[in-house]
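Reviewing the structure listed below.
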Amino acid sequence: MTSPEGLLLAMLILPFLGSLTAAFLKPAARTPAWALTWAATLIALGIAAYLYPAVEGRAVLRNEIEWLPSLGLNFLLRLDGLSWIFSILVLGIGALVTLYARYYMSPEDPVPRFFAYLMAFMGSMLGLVLSGNLIQLAFFWELTSLFSFLLIGYWHHNQSARDAARMALIATAAGGLCLLLGVLLIGKIVGSYDLDRVLASGDLIQSSDLYLPALILILLGAFTKSAQFPFHFWLPHAMAAPTPVSAYLHSATMVKAGVFVLIRLWPVLAGTDAWYFIVSTTGLLTLLIGAWAAIFQQDLKGLLAYSTISHLGLITLLLGLGSPLAAVAAIFHAVNHATFKASLFMAAGIIDHETGTRDLRSLSGLYRFMPITATLAMVAAAAMAGVPLLNGFLSKEMFLSASLAEHSGTIIDQALPALATLASAFAVLYSLRFIHQTFFGPAPQGLPRIPGEAPHWMRVPIEILVVACLLVGILPAMTIGPYLATAVHSVLGDATPAYSLAVWHGFNPPLFMSIAALGLGTGAYLLFRKTLNRQDGAPLIRRLKGRKIFEASLAAIVDTARALERLLGTRRLQPQLRLLVVVALLAGLLPFTRLGYGLGDHQGTVVDPGFAVVWMIGGACAIGAAWLAKYHRLAALILTGGAGLVCCITFLWLSAPDLALTQLLVETVTTVLLLLGLRWLPIRAEEVWPGGRAASVTLRRAIDLTIAVAAGLGMTLIAYAVMTRPLPGSVSRFFVERAYPEGGGTNVVNVILVDFRAFDTLGEVTVLAIVALTVFALLRRFRPAQESVGAPAQQRVQNAIDEAREGRQVGDTLKDYLLIPRVIMEWLFPVIMVFAIYLWIRGHDMPGGGFAAGITLSIALIVLYMASGTRRVEARLRVQPARWIGFGLLLALLTGMGAWLFGHPFLTSYFGYLDLPIVGKVPAASALLFDLGVFLIVVGATALILIAIAHQSIRRPSASILRQQALEQGEG
Amino acid sequence: MAGVADHLIVMPVLLPLAASAAMLLMSERRRVLKRVISLATVMALITISVLLLRTAAASHDPLIYLLGDWPAPFGITLVLDRLSAAMLLLTNILGFTSLLYATARWDRAGPRFHALFLLQLMGLNGAFLTGDLFNLFVFFEVLLAASYGLLLHGAGRKRVTAGLHYVSINIATSLLFLIGASLTYGVTGTLNVADLAARIPAVAAEDLMLLQAGIGILGVAFFIKAGMWPLGFWLPGTYSAAVPPVAALFAILSKVGIYAMLRVLLLLPQDPSGSATHVVDEWLQIGGLATIAFGTIGVLSSKSLSRLAGYSLIISSGTLLASIGAGEAVLSGALFYLVSSTLGVSAFYLLIELVGRAETDMDTSPPADAVFDDEYVGVREEDQENEVGVVIPATLAILGGGFMFCALLLAGLPPLSGFIAKFAIINGLLDTGISPWTWTLAALILLSGLATIIATSRAGVDLIWTPDRPSRDLRLVEAVPVGMLLALCLGLMIFAGPIMRYMEQTADALDVTARQPPAILSDPEEGTTP
């Protein structure tokens, strides 16, 4: 870890580690949280300082950790002059902000959370500037958006903080996505995301077709982050954050991220016309609009916010000009702006802290209360205005000379010197207003608090920064000089121009422009200072309320989305099913439209008239069932049964007795169970379409009919096409041939079910078990419609008769007329049981099997329940279907697993002959046991569904329902 | 075949089946025992999945298990390759977290929860393991049947309505599956997927339309499962009606459709005459784009978090469909995304109940007028005692953090794996060449992320940052599953390299199995010449 590479990694990890630790501190742990942050930041800062020799003279320190090599994405930390100077800014100002925040944050605030966010943000920012990989850069970029969201919304009990945080997040995250796509394109052009490779491929990038889209996307990212017009709207609102956050985010970090990326990619992206027009125009507009708006702010922080926008515009403009000298100025100004803007925000925070207001109109003459703070603020503001002997002056001079130097002949170029002077004058004006309005004039009236000097340690960060402003301003070459040179060389390389960092360059045009700006600004302030206090928002651009536009567009997006969701989607089942059928129809028919429809050469058999009649009946039943399904459930159900019977006859006709048997049994059970359930369905409303059916309904039904007919016909045609073809060399021959010799059974269907494809059977019986459990669970909670809760009419009549007669108990009539069926059923039950067992045993060789046997037994159970009544059956018979299912499943499983003992896969069957006493030699296959499992499951599942329905009838309706029904009957 | 280790591949199906069968033998009242059994089962399943994953990663060829010792393609085979191993592990991890979460309270909201839950896992595991088209259908049925039960778990009007809706759609879907499978069988004469791959190129030109119709109809069934526009309208409503741990498990259900598609649709050969693969790719691309767009619209228009989660699933499906349609360069990224987005949505489903518990509680309290005396809905009051776990402090911070990470994961922003997943997809996409289609897809993928941020930030700010909301209780057993899922996503991020390598090998293998007949088949003629 002590190698430079290791230290570099440690420097990045420290803030995150600190953040994680702070997150686990108790909310009241102020000092530990602060000390932790302070220590982590200082150590990281120390490491950064220690690493300086590693980047001197265009050296680059790289630490590459393998991450996602196959996609060309490694975790790559890269420290060069530029990232070094930004790291120092991030960590240095971070340390000062931490110190300041200790005194600024109120004791009630849960500061560990604050410091956790702050350090995470610091780490993300550090990660961004240290990224040696474009994707990694985008990664940390989004992280800064995220943590700035948390920091801005730290006081989330304020509506404004919540809104501002969300706005900043959405704006910068959207920009981040653009940036990501942009750098992906760059990566594709270069063939690598490695920054060193990218920086070496300037010509390749600029000559690529993808250059323009990549440029625009990256610029969108940078502009949203650096609050460039027209994406600047989020920044002033972000002032809802605690002041230390503003001081940090809007000086050295967050907003500088965009500028940083522009500087970082300047060597490869700058120099084209597109770059020049987009970047310099945006920068210029932002510079002017920001400065203009700053003049009219009444909120201290608001003024500083717009001034930040304006200064960012200045840096962007410098970068947009495309000349190396301007780029130097941009880097230098980025550093200078960070120092004076951070100190000004902190001073504003002190004023707010001490007076309880940030409204310039209420503030006045504070100098006498806080002379030290006032002096510090004055120096910093002078730097912001570009007064000589301060760092802001130097970079502004460079800017002014750059504005003069460019002569490509465009309108922007021509107007630039004048506009630059104007913007500088604006800066002088708002800086002057900031100082004069706050600190001079008569003593303030009606402040919420009596102001005083802030605690010493709260001022120290400002003092340090102001001293830096002065030192750099007076002795640039001795202080910032070498570091700036390293940074500039790391960006510009061989293209680094000769530049001078002297305070005095003699009487030259930039100096005159400076003087003009100072004069203009001061004059304007003297003229308009009273007027300015009465202004409510900046003239000309007052209507440009970014926030309103943003919120209105968000609302519009959501409204549009809702409308589109209704238009393109539906929550109703009917249209969904319609779509399902239509899409399936298309999928099925499309190949035929392309490849044509053709029958195979199979000659059909002659149609048997009897068979045809059977099928006509079946078809009629099916159509009738569909027709009546909605209006006459009973009839529809019986007709469905009819169609099922026809299927059954068909199977018999076509020599599939096994299928026919199973079909018959299944038809019986399902129909009976459905009939039992009918009683609980709500009574159908007689009149569906009060006042006649609408034409739209008729049309919809016609469409549905057409779709249904088309789907049916389509299916028929496809089935016909398949059936007229000879069966391809299918696996079914294998089954027929191997069933007896290897499966031990002559009933091929059964051998397939319990041996060849026993795994399917295991799955299917599981399905049956699950369905039974589900039906049981559903009916257990079943809440039928009110009108179906009470006893059915027939039962009521019977009970009434029983009650009316002497010596009869309720239920006697029912008992009487079911006597004979009951006796028959109770006597038949064992017989059916034996028959079921017979079906099960013979299944392997003849029609039957566990499934059929199970259903047979369940039919017996159902009839028993119907004839004897639920209570009577359950009093005499232990009906525990869930257990039967469980046993059945376990039996089937264990049979299958038995094969493991012999080293065979699951479900490998064994068959042999058992020599039983008396009976003699009987065939016995392990599949028989498996089939017994199936048998048990089928009985259990059917019985479970049956008792779920049966128990429904013996549930006692709650008292309120009974009362209500009695009332209704009384009326009726 | 010797030793239990050889049979490990079938255990993901048998173990949950055995455990739930055993639970059916127990009384409904033995809750603690059932919890222990089912949690132990799922933990065993995870262990098995990890072992299987390591086996699959180590071997070049897929592992074959011949059920009943019948040679392929006549018997049913289980096939373990990298894809199925990864899906197994994902399924069982989701199973564990959801189950753990459910033990806090939801498992008491209705009968036989644990049995149904394990059977659901059995169905999923089986569907991922089987190498047989009809057996796939069977396991689809198992997982669907179990999902009906789980969806209805907890009862209440909302769930029953959504449940019956879901049942109707899925029965229709199953019908399509059957039609498709039988058509495919009718033309090729086989159900074994590997055998299909071998036989499809040999299908005569005059039968080709039947095959295409069959696979097309199968595809529609898979698209419905995956929630492709315009076939996926059922999804958000259904999932939002389910109780949270169930919805969290359901996050993998739509991926079964995607998985089946990968296995079956890609079988269509790139033959010069019909250019069927091309058609499939086009369907996937167009359908995928439409699905992402619709999901984005849905996310923006959602008024509740659970619908938002449902639409996130639709976006996820759309992204997968389009990416699969984009070709092999994107496939590994798509698989990575599949894992990441499934974990994310699952965590989100768990979390939104915790965040919005004050709202959802209304749904579980018994209605004022019971129709029957023995009726109960939701968690019964007397069950609220003897809770598992302790109420943890700093609830809000944990919920807020969890919510934020989930949102970032769904939106594809750092620091969790969502970012890498989307990066991998777009990176692969740009490698396929820059076309209007690539642009649209990349833009839509990013826009869907932005829409997610817009929607979740609105909801998150409202739910977590707005003061004076009723305090919520949070139990450790509820926080831990969410934390585990998020930690897994963090792991995906940190170990992206090896995981992506695995996915790349998976994608390569998929390509191979789709285009060449693997050596697992015995000679098809062998069976016919005795």
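The values are calculated or read from the model by the stated rules, or taken from the named source; none is laboratory data. Everything numeric here is computed off the predicted structure, so don't read it as measured data. With ideal geometry, Cβ positions are generated from the backbone for all residues, glycine too; neighbour counts draw on all protein chains shown. Note: areas computed on protein heavy atoms with side chains; ligands, DNA, RNA excluded. Shrake-Rupley method; radii C 1.70, N 1.55, O 1.52, S 1.80 Å.
Below, the figures for the structure above:
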item: Low-density loop positions, GluC sites (Glu not before Pro), the range A:673-751 - DSSP coil, at most 13 other Cβ in 10 Å; result: A:686, A:687
item: Calculated FRET efficiency for the pair residue A:696/residue A:716, C-beta based, R₀ 25 Å, to 0.05; result: 0.25
item: With DNA, RNA and ligands ignored, accessible area of residue A:562 (1.4 Å probe; Å², nearest 10); result: 60
item: Contour excess over end-to-end distance, with Cα ends at residue A:522 and residue A:109 and 0.36 nm allotted per residue; result: 144.5 nm
item: Full-extension gain in nm, residue B:32 to residue B:61, via 0.36 nm per residue minus C-alpha separation; result: 6.2 nm
item: Average other protein chain Cβ within 10 Å of Cβ, residues B:409-421; result: 4
item: Exposure rank, largest accessible area first [A:167, A:833; 1.4 Å]; result: A:833, A:167
item: Global size of the range A:747-972 as Cα Rg and Dmax, reported in angstrom; result: 22.6, 75
item: Cα-derived Rg to Rh of the range A:283-539, Kirkwood definition; result: 0.98
item: Protein-only accessible surface order, largest first, of A:462, B:46 at 1.4 Å; result: B:46, A:462
item: Neighbour cut-off at most 11 other Cβ (10 Å), DSSP loop, chymotrypsin sites (Phe, Trp or Tyr not before Pro), the range A:570-670; result: A:631
item: Residue-averaged 222 nm ellipticity for the protein assembly as shown, from DSSP H runs of 4+ at -39500 (n - 2.57), nearest 500; result: -23500 deg cm²/dmol
item: Total accessible area lost when A and B pair, probe 1.4 Å, Å² to nearest 100; result: 11800
item: Solvent-accessible surface ranking, highest first, for B:122, A:723, A:715 at 1.4 angstrom; result: A:723, A:715, B:122
item: Pairwise FRET efficiency - residue B:434 versus residue A:530, Cβ, R0 = 51 Å, nearest 0.05; result: 0.30
item: For residue A:816, solvent-accessible area (1.4 Å; no DNA, RNA or ligand), Å²; result: 90
item: Cα-projected label distance for residue A:494 with residue A:818, points at 7 Å along beta-carbon direction, nm; result: 10.3
item: Simple spin-label estimate for residue A:796 and residue A:842 in nanometres, 7 Å along Cα-Cβ; result: 5.0
item: Lysines with Cα under 23 Å of residue A:188, excluding same-chain neighbours fewer than 8 positions away; result: B:422
item: Share of alpha-carbon pairs per 10 Å distance bin for the range A:18-269, given as whole %; result: 8, 31, 34, 21, 6, 1
item: At R0 = 60 Å, FRET efficiency that the Cβ-Cβ distance of residue A:405 and residue A:556 yields, to 0.05; result: 0.85
item: Where N is the number of residues in the range A:761-850, Cα Rg divided by 2.2 N^0.38 Å; result: 1.71
item: Whether the range A:112-219 is rounded, prolate or oblate, judged on the alpha carbon gyration tensor where a/c under 1.5 counts as rounded; result: oblate
item: Under 5 Å, built H, 5+ apart or other chain: amide partners of residue A:67; result: A:75
item: Residue A:504 paired with residue A:568, simple spin-label distance in nm, labels 7 Å along Cα-to-beta-carbon; result: 6.9
item: Full-stretch length increase - residue A:675, residue A:723 - with 0.36 nm per residue and alpha-carbon distance subtracted; result: 13.7 nm
item: Chain A, relative contact order in percent, only Cα pairs under 8 angstrom and at least six apart counted; result: 8
item: Whether the range A:395-510 is rounded, prolate or oblate, judged on the alpha carbon gyration tensor where a/c under 1.5 counts as rounded; result: oblate
item: Over chain A: Kirkwood hydrodynamic radius from C-alpha pairwise inverse distances, Å; result: 36.1
item: Accessible area of the range A:747-972 divided out per residue, in Å², using a probe of 1.4 angstrom; result: 49
item: Fraction of accessible area attributable to carbon and sulfur, the range A:18-269 (%, probe 1.4 Å); result: 64
